[in-house]
Structure formats: structure tokens, C-alpha cells
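Chemist: This is the structure I have questions about; it appears just below.
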Amino acid sequence: MKILYALVVALIMGMASPGASVAEESAHDHGAGDAVVGELGGGAGAKGRMAGGKGKGGGPKGGQAGEKPLRCAGLVNMSNGMVLPVGKYSVSLKYVHVSKDKLYDGQDRKTGNYNGKYKRVDNVVNLTAKAGLFDDFEARIQVPLINREQKQKSGNPPAHSATVRNSGFGDPIIMGRYALLSERNGDPFSLAVGAGVKVPLSNTDKKTPPGGASSAEYMGPNFQLSTGSWDPKMEIGATKMLGRSRVDAHFMYTIAGDGAHDSRGGNQFKYDFGYGYALNKYFDLEIELNGVDQQPVTHNGEKTVNTGGHFIFITPGVHWKITDSTRLAVGVPVVVYRNLRGEPRTPERSSKFNLGEDYRIVTSLSYHF
């Protein structure tokens, strides 16, 4: 954690260094557990304003009069420190595909044959709408559409015993964000804080299938469409624009509440650092470091040891700026560190280990108006 704190201090100090303020800021969001990403840069309430950098004729330095400077859009797998100007709006669709088929105890992969879950596939589409309601304040709502499948083994020797699926709308998240600093207003970097809550509106009653590896009546909270709990969220983000480049940092903490069937989802801390570069008018490249520290869930009143863990991803991405208002972004978060909680037992086949992935695929389409 000392290394993480040092990175945060270094990033903030770097953002505070002198640099040209910008005319246009990106709008970008971050959802529960998984980020809503790749929203828009440009045109957000500060058209034609750029402190410095103008050559003769009133145009940007090195360009024609009225030519827009190249700006990098928001990053694909994280949020940032920007807030929509009053009267501006954005909508985005983010699709995340995750396939897990390897069991881990801590950082060690387990290659034996065990009872319990052995493969899981998640496909999630997040719809996010944002609005600049007041000066320096925006509101957003995110609604996920979820499709999950998990395969389980049981018996002696362990063999496939059940496939369980769950699909539908998940719990909406409602948040507000306030800009403490904004480059659009002449500050050296953008800094925003936010708070909100996940609202328990979706289904919590997916039952364990006959022949499954668990004796519990209901599936655990991380497989349900809803945990059945009110989960408060807090965030802080920062952004520094440097010509064609941008540097972002974002942190979010989620407090899990008491949910359905004597369950609890487990607190979560997400931390992200990213760099983006505008290649030209149409394409950006980016790289991110994304971290997730997920606490174990509680199921039927007891902590489920083979859940949660600490994950770190490196995410390369590319953005296609289709128009001034529309962006398509794709990123591939690759796991570079994992520490997954397991539960060794006797006999060995009854051990409960956690599923991990090698990479995931993130795609975002966003529109700003």
C-alpha cells in the first residue's frame, strides 16, 4: 500500500505542474465494480476558449483560424476527474465480457479436479446517462443488463453436475459528482468528488440448481442480479490535459450493505491510473493500470472464503472518434497480478478455490449532446 500512496502523491504533484489550460473536457463515467467508459472529449461548454497556444490570426498555434486542437477522449476502463458543464448531457453503452476457467489459491493456480464452480462467463451491458445539472455538478444513473453462466462439479471423482444461468436487469446506481477544480475554468488540473448508492430493485431469488455443489437454497450474492442491499459509493478523480496527452486517476469505494437471504456482497476498493494520447482527429491510444480489492461475500450468514481477492490489470485501448459527439472505444484489460482467496479442505477434491481470468474485453459506445 505504501507504493500505491507514493504513486498517488507523485501523480497529484505532476498534475499541479504548470501547463496550458484546455477549452474542452471529456465526459466519462465509472460504474459499480465495472467502469462505464470512453465518453466524450470536446465541445463541452467551453467552445473556442483556450488559454494560450494561439498563433497569429487567432487560431491554435500551428493551425488555421478556428481549427480545433487535438484532444484525447476519456479512457476506456476507468473514470476521471471531469464534470459535465451545466446543460450538457451524455449517454453511453458499455459491454464487458469476462470468462473465468482457472482456479486459484492466493497467487497459485490449482490444476486438480475439485468440487464446486469450475467455469463462469459474464456478459454485462451498462447503460449510463449523465447530465450537467448545475455549475460544477453532474448527476448520473447507470442500469446494467446482465447475463451470467456458471458450471459446477460434484461427486467422487468430481464431474460436471450443473450449469446455472441468470439474466436480466441489475440494480441501478445513482450518483452525483462535484468539481472542486476544473481546467475548463483555468485551474491547473481537474479534480472531482462524488457519492451515490446502488439501489436494490432487481431479483435476488436465483436458486441453487439440483445436483449443484452447494447445499444452500439460493445462489450467492455475486451471482444474483441484485445483492438486495443498499450499497453507498464514494469517489474521487483527477485529470490533467497536456496538449494531445491526458493523465487520469480515479478511486472508488463501495460499502456493501446487508442483503437478501442473510447475505452481504463485500466491500470493494477500485483504483485506476491512465494515460491517453490523440494520434490524430479520429484515433486515440491509451494505457491504464486498474486495481480491484474485493472483500469476500457473506452467504447464509457465513463468509464465503473462495470469493473476492485483489486483481491488477494493464489495459491497452484504442478510441475511434467517429464524430465530434460520438466515440467508440475498445480495451483489453490483461491480468498482471492476482491474489484470490481459496479454502483448502480434506479430502482435497472438496477444497474451494476461486475462479480467475487472464483478460477481459471492454467495448464502449458513447454520445454527447
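Chemist: Kindly report, to the nearest 10 Å², the accessible surface of I174 as traced by a 1.4 Å probe over protein heavy atoms only.
Modeler: Roll a 1.4 Å probe over it and I174 shows about 90 Å².
Chemist: Continuing with this model, one more query. Could you go through region 258-267 in sequence order and give the Karplus-derived ³J(HN,Hα) for each residue, using 6.51 cos²θ - 1.76 cosθ + 1.60 with θ = phi - 60°, rounded to whole Hz, and x for Gly and Pro?
Modeler: 6, x, 6, 6, 6, 10, 8, x, x, 5
Chemist: Let me ask something else about it. For D105, which sequence-distant residues (separation of 5 or more, or a different chain) have an amide H within less than 5 Å of its own amide H, given hydrogens modelled in the peptide plane?
Modeler: For D105, the qualifying residues are K110.
Chemist: What full-extension length gain, to one decimal in nm, is calculated for E302 and I322 as 0.36 nm per residue of separation minus the Cα-Cα distance? Mind showing how you got there, number by number?
Modeler: Working: separation 20, 0.36 × 20 = 7.20 nm, distance 4.96 nm.
Using 0.36 nm per residue and subtracting the Cα-Cα distance, I get 2.2 nm.
Chemist: For region 275-288, take each phi angle, set θ = phi - 60°, evaluate the Karplus expression 6.51 cos²θ - 1.76 cosθ + 1.60, and give the result in whole Hz per residue in order, putting x for glycine and proline.
Modeler: Each residue of region 275-288 in turn: 9, x, 9, 7, 5, 6, 5, 10, 10, 10, 10, 8, 9, 9 Hz.
Chemist: Starting from the Cα-Cα distance between V335 and A129, subtract it from 0.36 nm times their residue separation and give me the gain in nm to one decimal. Please list the in-between numbers first.
Modeler: Values: separation 206, 0.36 × 206 = 74.16 nm, distance 2.92 nm.
Result for the pair: 71.2 nm of gain on full extension.
Chemist: If the chain between D258 and R165 were fully stretched, how many nm would it gain, using 0.36 nm times the residue separation less the Cα-Cα distance? Don't skip to the end; give the middle numbers.
Modeler: Numbers: separation 93, 0.36 × 93 = 33.48 nm, distance 2.39 nm.
Extra length from D258 to R165 when fully extended: 31.1 nm.
Chemist: Output the pairs from K88/K198; K153/K303; K102/K130; K110/K303 with a Cα-Cα distance over 29 Å in this structure; if there are none, say none. Please report the intermediate quantities before stating the final value.
Modeler: Numbers: K88/K198 24 Å; K153/K303 21 Å; K102/K130 37 Å; K110/K303 22 Å.
Result: K102/K130 exceed 29 Å.
Chemist: Between L279 and residues 5 or more places away or on another chain, which pairs have amide H atoms under 5 Å apart, with H built 1.01 Å from N, and which residues are they?
Modeler: Under 5 Å from the amide H of L279 lie the amide H atoms of D284, L285, each far enough along the sequence or on another chain.
Chemist: Using a Förster radius of 35 Å, what is the FRET efficiency between E343 and M234 based on their Cβ-Cβ separation? Nearest 0.05, please.
Modeler: Numbers: r = 31 Å, r/R0 = 0.88.
E between E343 and M234, to the nearest 0.05, is 0.70.
Chemist: I'd like the distance separating the alpha-carbon centroids of region 92-159 and region 274-316, in whole Å.
Modeler: Rounded to whole Å, the Cα centres lie 11 Å apart.
Chemist: Assuming R0 = 25 Å, can you tell me the calculated FRET efficiency for the pair L279 and V193, based on Cβ-Cβ distance, to the nearest 0.05? Numbers along the way, then the final one.
Modeler: Details: r = 32 Å, r/R0 = 1.28.
That gives a FRET efficiency of 0.20.
Chemist: Could I ask something else about it? Bin width 5 Å, alpha-carbon pairs only: give the P(r) of region 73-368 as whole percents, running from 0 to the bin holding the largest distance.
Modeler: So the P(r) values, bin by bin, are 1, 5, 10, 15, 18, 16, 12, 9, 6, 4, 2, 1, 0, 0.
Chemist: Provide the packing ranking of 312-318, 157-163, i.e. peptides ordered by the mean count of other C-beta atoms within 10 Å per residue, highest first.
Modeler: Details: 312-318: 19.0, 157-163: 13.7.
Per-residue mean Cβ counts within 10 Å order the peptides as 312-318, 157-163.
Chemist: With 23 Å as the cut-off, how large is the P(r) tail for region 244-364, expressed as percent of Cα-Cα pairs?
Modeler: Numbers: 3432 of 7260 pairs.
That fraction is 47 percent.
Chemist: Would you work out which of L285, G243, I255 lies farthest towards the positive end of the dipole of region 201-308, given +1 charges on the beta-carbon of Lys and Arg and -1 on that of Asp and Glu, about the Cα centre?
Modeler: After comparing all options, I get G243.
Chemist: Straight distance only, please: which aspartates and glutamates reach the Cα of K151 with their own Cα at less than 16 Å, same-chain residues fewer than 8 apart left out?
Modeler: Cα-Cα hits under 16 Å: D101, D122, E357.
Chemist: Ordered by residue, what ³J(HN,Hα) values in Hz, to whole numbers, does region 309-316 give under the Karplus form 6.51 cos²θ - 1.76 cosθ + 1.60, where θ = phi - 60° and Gly and Pro are x?
Modeler: x, 10, 10, 10, 10, 10, 10, x
The values are calculated or read from the model by the stated rules, or taken from the named source; none is laboratory data. Model, not experiment: these values are computed from the prediction. For neighbour counting, all protein chains shown are included, and Cβ atoms are generated from backbone atoms with ideal geometry for every residue, glycine included. Quick note on the areas: whole protein, heavy atoms, side chains included, nothing else; ligands and nucleic acids left out. Shrake-Rupley method; radii C 1.70, N 1.55, O 1.52, S 1.80 Å.
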